[in-house]
Structure formats: structure tokens, C-alpha cells
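Take a look at the structure set out below.
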Number of protein chains: 4
Amino acid sequence: MENRNLINLGKQILEAQSFSKLIGATLTKFAAGEVILEIPIKDSLLQQNGFVHGGVLSYAADNALTFVGGSVLGPHVLTSEYKINYLRPAVGEKIIAIGTVIHAGKRQAVCRCDVQVLHHGEKKTCATAQGTIVTMDPTANNNS
Amino acid sequence: MENRNLINLGKQILEAQSFSKLIGATLTKFAAGEVILEIPIKDSLLQQNGFVHGGVLSYAADNALTFVGGSVLGPHVLTSEYKINYLRPAVGEKIIAIGTVIHAGKRQAVCRCDVQVLHHGEKKTCATAQGTIVTMDPTANNNS
Amino acid sequence: MENRNLINLGKQILEAQSFSKLIGATLTKFAAGEVILEIPIKDSLLQQNGFVHGGVLSYAADNALTFVGGSVLGPHVLTSEYKINYLRPAVGEKIIAIGTVIHAGKRQAVCRCDVQVLHHGEKKTCATAQGTIVTMDPTANNNS
Amino acid sequence: MENRNLINLGKQILEAQSFSKLIGATLTKFAAGEVILEIPIKDSLLQQNGFVHGGVLSYAADNALTFVGGSVLGPHVLTSEYKINYLRPAVGEKIIAIGTVIHAGKRQAVCRCDVQVLHHGEKKTCATAQGTIVTMDPTANNNS
């Protein structure tokens, strides 16, 4: 698929996720093997200390992992599992989740995601994740 | 702390998390070593196939882990890291995240969370998570 | 398969793993959904402080996860991924790894393993793991 | 500490781990933020299909993570937790585990490890891991 079609497909899928619309996520890159998902930080995404809630960073990692897995496996994929390490409090204007593929087979891809926060023009990594994306089939028992 | 005070403190913290209010989470149990967080399923929490978005299940696991860690370590805690496996698509009326403590020291607790979906009166586990909750201090570099 | 045949098959596979023989692991339970792997602690399994090396606990968790996955999926399985939390230093006479199944589909099982250490007749959990076991097929890209 | 002293300290610690000697691991790089651990493949490290046992790859990842964490935090460190994804069967002459630091604070470092296999002069990544290394203290409850 051409790159322009690929990003249009990605945007359609994101648009069809009502939770992604609630969060306010947009797809700014969707190429085979690299995906960037961005989330403008707003008050409704914070926790009690004024930092972006860990659940928002998890959402960003989970979704960037699914999309980047789909960029090499095709659109019918699910996140099977992932782990995330939080590195520092996220304070700033925008969350930027960068998904990349470490290794892809026919049925699954192992992917990575660095979650950055943009603050006063400077990007800092605030979380990092690693997980498995699988193709859907009638016997699959996964969900994302 | 008495149990009634413990759950009131938990509810105050949850209430102070604007993202938890956006999601619609409530705390139905907050005892030392066991926490239950519930989320009524609504359209804005879904993904493109009509299932609850994985990011919502991740939020539920992350937050139940943080709260149950806090139930034994005290209120000033953060999730340092966790991993989650998605087990089946989440369809139904309510998400129920049950956090328990596996092992607690002075500065950290290793906790588990089973995320269930309630559908037509039946509960099924749709995700399971394991992670580390740490006490905050000036040198900490974590976030939730 | 009858239980007696199941444990005999398990013991044959363990016997065919030269690394498991180097470690000195034995299978003391191998039923559908629960497996126990035991390792007598000897000097060659320690690290610099006299504790059992984390790599031994990881081996125990990895192998108990694979075997318990195989107990429900069939013998041709691999560990796709897992995470492990170390809980306390392992000092004692024997390592006991208890694998259980959380959820199994046709092609994969999500499993858990508690790794205990037996010391002066008392068992303490020293590590806990969670992971995914998958059936092997020509397109699989996993290894254990 | 100078680099020559750093690698000598690393080699002394590895030498003091009897399990690392049983495995046959050597440290070929130990600089602040990057560590390489190598393991010649021998029959006693295999599983039933002739591949390197997953437990050996886990040991390599665990130990490279601990050492690279120690390269920035100081020698008294432990692996608190990690997750590993197996990517392909490991067949060849040598296992090469490359540990790097993603983010370090005063008390903990989040690190990554790529585990490669060298076969006929070609290196392929066969596993990838991410984990948390912490400094030891009287209240710590971790182990490696």
C-alpha cells in the first residue's frame, strides 16, 4: 500500500475509536514500521498532582503499539500484551508516542514504543513500552 | 487507618483525578491489600469493533495497581511499571478491576490486577496485569 | 491423556533439555493446568552474595510457564514472552516453581508462575511471573 | 571510575557468580551505559529441539540488565523486574547480550537488552528485554 493510503487508513481506524476521540489522539505518522500518535494535554487527562495520568500514557503506548504492528501485519490486528515503565512525570503541552517494530513474523510483531512529553519546545521520554501485536483470527483470544 | 477512612481517602484521590472522572471510574472497595475499581461501559470507551478499548482496560489495571499498592504503602505512591495481557474482547455493562498485593516491602509493593467484564450478570476476566508500586520521594523518577 | 501419561511425557521432555539437566530441575507435578518444577539449590546456582542467581529463578519461571502452557495446549509449545518480578533473595534448600493457567485459547495460553524457596521447612515466594505460551507452527517466530 | 577499572570490577563480579561460570558467560564490554555479555553455545545450554534454552537467553538478559544498571548506579544493584520477548530460535556459535540504559535516576535505572545469536558470522536478534535495576538498601526486597 502506498504511504498516503496507509496513513489515511490509519486515520480512519483512529477516527472509528470513540475512546481515541475522547482522549483527543491524532496520527501524525503511519509508515510501515514507524507510527507517531500525538495527544494534546488538557485538564481532563491529568491525575491528582497535575501530571498526565499514567492511564493516558498507557493508552498512548498501547495504541501506538497496535498501529505500528498493523503497519507491517495488516489492519486486522490486536495488542496481545505489553509492559510499560514510567520514567518521569509528564508535564507539558503534548504527548508524542513513537511506535517501532523490533521483529515481525507472519502472525505477530514485537514492537516498542517511546512516549515523550513536549514541554516548552523540549521533548523528554516519560515512558517506554514493549509488546506483542497479533493478527486476528477466529481462534484468537485477544483484545485491544 | 480504619477501613471507612481508608475508602474515603481513596475516593477523594480518585475524585481528584480528572482523567478518572472522564473515564467514569468509581472505587467500590479499598481495604488494605484489596481494591476494586469499577467503570460503567459507555460508547465513548469503545474501539472500532465495539469492544472496550484496550486503553481503558490498561487505565483500569494501572489505577487499581496504584491504589492497592497505596493501601499498604500509604497514599504517596506511584506505579513504576506493569505488564498486561489481554485475554478476550470486553463486551458488557461494566468493567471491574480487582487489585491485590503479592508482596510488600517498605518502599515498594508487587501487585496484581484481574480486569473482569460484567455481561448479563456473568463476570469474565478480560485482562490480567502485574506491576510494581513505589513510594514517592525526592529522588523518585516515576509517574502514574 | 491420562495423568500418568502426561507426567511421563513431561519428564521425557525435561530429560531431553540438556540445560534443565545442568540446572538439576525435576518435574514433581504435571497435570492439566498446574505444573510444579523443583530445583535443589547447589553452589553452582548462586550469585556473588550467596543467593540463588536471578537467572535460575528466571529459568524456573520460563520453564514452568512453558510446561503448564503445554499441559493445556499440547506438547508442541513455546514461551512467547513473560515478565518476572523478584520479591526477595532466594536462600534455602530448594526452588519450587508452580505454574498455573489463567486463560487458554486454541493457540495460546496466558499463564502465571510463583517461584518459592524452601528454607528450614518454610516456603516463601521469591519471584512471580506472568507470560504467554503459544503453539508452534511453521509461521511461528518464538523460542524457548 | 576509569573504564579499565570499571571492566575489571565487572569481571570480578561475574567471576564471583558461580552460576555465570556454569553458563560460561564473559563480559566483553562494560562502559557506563553499555554492557556486552557473551556466552559460547555448548550442548549443555540447549533444549529438546537443539535450540539454546530460553532460560539461557533469560539469564543473559537478566545479567546484562543488572550489569548495565550497575554501570550507572554503582556496583550494589539488583534487577527488580524485567520482561522478555523471544523473537526466533537461537542456533549458532555464541550468544551476545547487549545491555543499554534508557533512563537512570539516583536509585533506579530502566534498561534494555537485545540478545543476539552469532551464526556463521551473522548476528540476529533472538530476544529483547526491558527492566528495572535498583540500588540495594536495607529495605530493598529484590534479588538477582
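Kindly evaluate A:Ile133 against the criterion of being modelled with pLDDT of 95 or more, more than 8 Å from chain B (Cβ to nearest Cβ) and under 14 Å from B:Gly54 (Cβ atoms). Before you say what the answer is, go through the steps one by one.
Values: modelled with pLDDT of 95 or more: yes; more than 8 Å from chain B (Cβ to nearest Cβ): yes; under 14 Å from B:Gly54 (Cβ atoms): yes.
Considered against the rule, which asks whether it is modelled with pLDDT of 95 or more, more than 8 Å from chain B (Cβ to nearest Cβ) and under 14 Å from B:Gly54 (Cβ atoms), A:Ile133 comes out as yes.
The number of residues in segment D:34-60 being open to solvent by 20 Å² or more (accessible area, probe 1.4 Å), in contact (Cβ under 8 Å) with a residue 12 or more places away in the chain and not in a strand (DSSP E or B) comes to 5.
Listed here are the residues, each with its yes/no results for (1) under 26 Å from C:Ala127 (Cβ atoms); (2) within 15 Å of the chain's Cα centre (by Cα).
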| site | (1), (2) |
| --- | --- |
| D:Ile7 | no, yes |
| D:Val35 | yes, yes |
| D:Gln48 | yes, no |
| D:Gly55 | yes, yes |
| D:Tyr59 | yes, yes |
| D:Gly70 | yes, yes |
| D:Pro89 | yes, no |
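Restricting segment B:1-33 to residues that are part of a loop (DSSP other than H, G, I, E, B) and touching a Leu at 6+ places or on another chain (Cβ under 9 Å) leaves a set whose member that is most open to solvent (accessible area, probe 1.4 Å) is B:Met1. State all residues of segment B:65-103 that are within 17 Å of B:Gln12 (Cβ to Cβ) and assigned to a loop (DSSP other than H, G, I, E, B); if no residue qualifies, say none. Once the filter is applied, which keeps residues that are within 17 Å of B:Gln12 (Cβ to Cβ) and assigned to a loop (DSSP other than H, G, I, E, B), segment B:65-103 yields B:Gly74, B:Pro75, B:His76.
Here D:Asp43 fulfils each of the conditions (1) in contact with an Asp or Glu (Cβ under 7 Å, 6 or more places away or on another chain); (2) facing another protein chain (nearest Cβ under 7 Å) apart from (1). Just so you know, in segment C:62-92 the residues that are touching a helix residue (DSSP H, G or I) at 6+ places or on another chain (Cβ under 8 Å) and among the hydrophobic types (A, V, I, L, M, F, W, C) include one that is surrounded by the fewest Cβ atoms within 10 Å (Cβ to Cβ), and it is C:Leu78.
In the condition set (1) in contact with a Pro (Cβ under 8 Å, 6 or more places away or on another chain); (2) part of a helix (DSSP H, G or I), C:Cys126 is compliant with all but (2). If you go through segment A:32-78 and keep only what is among the β-branched types (Val, Ile, Thr) and farther than 23 Å from B:Thr79 by Cβ, you end up with A:Val35, A:Ile36, A:Val68, A:Val72, A:Val77. Out of curiosity, is A:Glu81 in contact with a strand residue (DSSP E or B) (Cβ under 6 Å, 6 or more places away or on another chain), at the interface with chain B (Cβ under 10 Å from one of its Cβ atoms) and in contact (Cβ under 8 Å) with a residue 12 or more places away in the chain? Yes: the conditions hold for A:Glu81. Taking the criterion of being open to solvent by 10 Å² or more (accessible area, probe 1.4 Å) and more than 12 Å from every other protein chain (Cβ to nearest Cβ), the only residue of segment A:97-115 that qualifies is A:Ile98.
The values are calculated or read from the model by the stated rules, or taken from the named source; none is laboratory data. Remember, it's a predicted structure, so these values are computed and weren't measured experimentally. So basically every Cβ, Gly included, is an ideal-geometry build from the backbone, and we count neighbours across all protein chains shown. Accessible surface areas use protein heavy atoms only, side chains included; no ligands, DNA or RNA. Shrake-Rupley method; radii C 1.70, N 1.55, O 1.52, S 1.80 Å.
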